[in-house]
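Read through the structure below, which is laid out as structure tokens, and then see the notes.
The values are calculated or read from the model by the stated rules, or taken from the named source; none is laboratory data. Remember, it's a predicted structure, so these values are computed and weren't measured experimentally. Note: ideal-geometry Cβ built from the backbone for every residue, glycine included; neighbour counts use all protein chains shown. Heads up: the accessible areas ignore ligands, DNA and RNA and are worked out on the full protein's heavy atoms, side chains in. Shrake-Rupley method; radii C 1.70, N 1.55, O 1.52, S 1.80 Å.
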Amino acid sequence: MRRNYQLYVLLFPIVFWLVCFFLLPLISVFVYSFLARGTYGGVRWIFTLENYERLFDGLYLGILWRSVSTALICTAVCLLLGYPFAYYLARYRPKHRNILLLLVVVPFWTNFLIRTYAWILILRTEGLLNNLLGAVFPNWSPLELLNTPLAVQIGLVYGYLPFMILPLYAALEQLDMSLLEAAQDLGASPRRAFWHVTVPLSLPGILAGSMLVFIPTVGAFLTPDLLGGGKVSYIGNVIERQFKTARDWPFGSALSFMLMGIVLVGTVLYFRALQGNEDSQAL
Amino acid sequence: MKRILEANIGLVFFFLYVPILAVVVFSFNSGEQISVWEGFTFGWYAKLFEDAALWRACRNSLIVAGIATAVSTFIGTTAALAIERYRFRFRTALTRCLYLPVIIPDIVLAIALLTFYVQTPIPLGLVSVIIAHCVFNVAYVTIVVRARLQGYDNTLEEAARDLGANEWQTFWRITFPLIAPGIIGGALLAFTLSIDDFVITFFTAGVGYTTLSVHIYSQLKFGITPKLNAISTMLLANSIVFILLFLWFQGGATTSRRQDV
């Protein structure tokens, strides 16, 4: 009885907070997505499916596709850069390894806004990259790099690369080296051992890293806003516009809900893949 | 093969650090030009001290982060204790729910809170921003404190109770000192996340209330000045101090645990 009383005291704050300031807001945005837009920005309490119908407009499907494909490319590039990096780091001398690891963690903790802003300095037409290239090649005509989809892609890879490296490193560091030796003793070439032993065993890290990169990039708002200059629309920017300038809250809510749907589908697929991986290893 | 791996390490570090270094280096540039080096100066830092709007934003950031850290550390710690110490019916549901604020994109959480606030008497400003920060901070604090509780030895508490300590004494004399590094680590993480947050603050602050991140953003939209490099460098230095503190406490946690064994 006494233990129960303690449990309720410990649980009360978290349950209260999650219900009031997480669950209720999610319900609220869900309800908003079925309301009609008010004349001066508010909402009218009339039930309508119009906001969801608008989502299937070619314009918004195109923007949605751009966001998803950008996030997928970003995830792939991060994996391509991050996997060899984590692989090498996991085999590095333990003494220096922690310093290298710290160097990956620092950008992970530093202000995202500033890390994005740094790329404006580099990519601007009169920025560092064009200045450098201009100094090397006298006839260089400055490239328009900022405010392009390429700039957004670079910014996203830069922003989320540490999120890929850290789980990959955690998975590869735990890898049992004797399994690789066994594979090679049994006549597997290093390449074959890598693809048949190392990669399957590090799959949980690959999946976790991919999730941690894909989810924030698909809904990214700041990077497209600063590096894309609002010239190219991504779903995050469209949502922001509905709330800040267009004042169409119900449509913005419907977009948010769809974004959450994509993320939840991604999460379910992730757990499925993880489950499948465990099952195959159990066999 | 080894060559390729080493080249990749170099490439990744170059990619990760050149932009940060560019900001730091150009914060000492004397020219008005953003990306042409003209000479060394501390002038932009001196200019920061005259900027009243910047200091107001800075003070707001510290107030928000301070209160949000205190509240979320308390809630996160009690939640971690409940989850790790007790078995109850909705335990799995609660642990899954706690990951949601981390998984959901920032902008969705921000919009959800905004549509919620306008239907309540909570005014947009200081209070709404603090509540919003607590939502994501609570999840992170719980994860960090739970990790500390998982490697924890229950027999010490039993010994304390056998020796006649009551529940309250046992908690403050035994449990709390043992999990303190986890709590401090969680609080440091929460504080950093709070200071650095832009998206959620941007949507829940309403008109006229600015934190440091929102201030920097509006300056950026207005036009890039060398002063921004100086502000950014100060924030970078602040982050590095916090990481080192966090790692120091976490490092202390692992060594003391080894001594327990």
*Tell me, which residue of the range B:189-224 that is hydrophobic (A, V, I, L, M, F, W, C) and more than 10 Å from chain A (Cβ to nearest Cβ) is farthest from B:I67 (Cα to Cα)?*
B:F222
*Within the range A:103-120, considering residues that are more than 7 Å from every other protein chain (Cβ to nearest Cβ) and in contact (Cβ under 8 Å) with a residue 60 or more places away in the chain, the one surrounded by the most Cβ atoms within 10 Å (Cβ to Cβ)*: A:T116
*Would you say A:L123 is open to solvent by 60 Å² or more (accessible area, probe 1.4 Å), touching a residue at least 12 places away in the same chain (Cβ under 8 Å) and more than 7 Å from chain B (Cβ to nearest Cβ)?*
no
_With the requirement that a residue be among the small types (G, A, S) and open to solvent by 30 Å² or more (accessible area, probe 1.4 Å), what does the range A:135-192 give you?_
A:A135, A:S141, A:A170, A:S178, A:A182, A:G187, A:S189
*Filter the range B:64-76 down to residues that are more than 9 Å from every other protein chain (Cβ to nearest Cβ) and open to solvent by 10 Å² or more (accessible area, probe 1.4 Å), then give me how many there are.*
5
*Does the range B:150-161 contain at least one residue that is within 24 Å of the chain's Cα centre (by Cα) and open to solvent by less than 10 Å² (accessible area, probe 1.4 Å)?*
no
*Could you figure out which of (1) assigned to a helix (DSSP H, G or I); (2) under 19 Å from B:I20 (Cα atoms); (3) open to solvent by less than 70 Å² (accessible area, probe 1.4 Å) isn't true of A:I99?*
(3)
_Suppose the filter is at pLDDT 95 or above and either open to solvent by 70 Å² or more (accessible area, probe 1.4 Å) or within 13 Å of another protein chain (Cβ to nearest Cβ) (or both); does A:A71 pass it?_
yes
*In the set A:S256, A:S280, A:S210, which member is at pLDDT 90 or above, closer than 30 Å to A:M177 by Cα and hydroxyl-bearing (S, T, Y)?*
A:S210
*Please enumerate the residues belonging to the range A:87-125 that are modelled with pLDDT under 85 and of a type in the set (S, T, Y).*
A:Y92, A:T110, A:T125
_Between B:F15, B:F26, which is facing chain A (nearest Cβ under 9 Å), more than 18 Å from the chain's Cα centre (by Cα) and surrounded by fewer than 16 Cβ atoms within 10 Å (Cβ to Cβ)?_
B:F15
*Of all residues making up the range A:149-168, the number that are more than 10 Å from chain B (Cβ to nearest Cβ) and more than 11 Å from the chain's Cα centre (by Cα)*: 8
*Filter the range B:105-127 down to residues that are assigned to a helix (DSSP H, G or I) and at the interface with another protein chain (Cβ under 10 Å from one of its Cβ atoms), then give me how many there are.*
12
*Condition test on A:L61, is it part of a helix (DSSP H, G or I), free of Cβ contacts under 8 Å to residues at least 24 places away in the same chain and surrounded by 15 or more Cβ atoms within 10 Å (Cβ to Cβ)?*
no
_I'd like the residue in the range B:91-114 that is of a type in the set (V, I, T) and free of Cβ contacts under 8 Å to residues at least 60 places away in the same chain and, out of all such residues, is nearest to A:I235 (Cα to Cα)._
B:V108
*Within the range B:29-42, track down each residue that is loosely packed, with under 14 Cβ neighbours inside 10 Å and of a type outside the set (A, V, I, L, M).*
B:G31, B:E32, B:Q33, B:E38, B:G39, B:F40, B:F42
*Can you name the helices (runs of 4 or more DSSP H) wholly within the range B:151-227 that have at least 2 residues being in contact with a Phe, Trp or Tyr (Cβ under 7 Å, 6 or more places away or on another chain)?*
B:176-196, B:199-204, B:212-222
_Only one of A:L264, A:L259 that is among the hydrophobic types (A, V, I, L, M, F, W, C), open to solvent by 40 Å² or more (accessible area, probe 1.4 Å) and either under 20 Å from A:M211 (Cβ atoms) or touching a Lys or Arg at 6+ places or on another chain (Cβ under 7 Å) (or both)_ = A:L264
*asked:* So for the range A:46-54 (the condition being facing another protein chain (nearest Cβ under 9 Å), out of contact with any strand residue (DSSP E or B) (no Cβ under 9 Å at 6 or more places or on another chain) and surrounded by fewer than 14 Cβ atoms within 10 Å (Cβ to Cβ)), does at least one residue qualify?
replied: no
_I'd like to check something: does the range B:53-63 contain any residue that is in contact with a Cys (Cβ under 6 Å, 6 or more places away or on another chain) and open to solvent by 40 Å² or more (accessible area, probe 1.4 Å)?_
no
*Looking at this structure, is A:L132 of a type outside the set (G, A, S) and crowded, with 21+ Cβ neighbours inside 10 Å?*
no
*Are there any pairs, at least 6 apart or on different chains, whose C-beta atoms fall under 6 Å, with the first in the range A:13-26 and under 10 Å from B:F116 (Cα atoms) and the second surrounded by 15 or more Cβ atoms within 10 Å (Cβ to Cβ), and if so, which?*
A:F21/B:I131; A:F21/B:V135; A:F22/B:V135; A:L24/B:F116; A:P25/B:A112; A:P25/B:L113; A:P25/B:F116; A:L26/B:A112
*asked:* If B:G10 meets every condition in (1) farther than 27 Å from B:F191 by Cβ; (2) under 26 Å from the mean Cα position of the chain (by Cα) apart from one, which number is that one?
replied: (2)
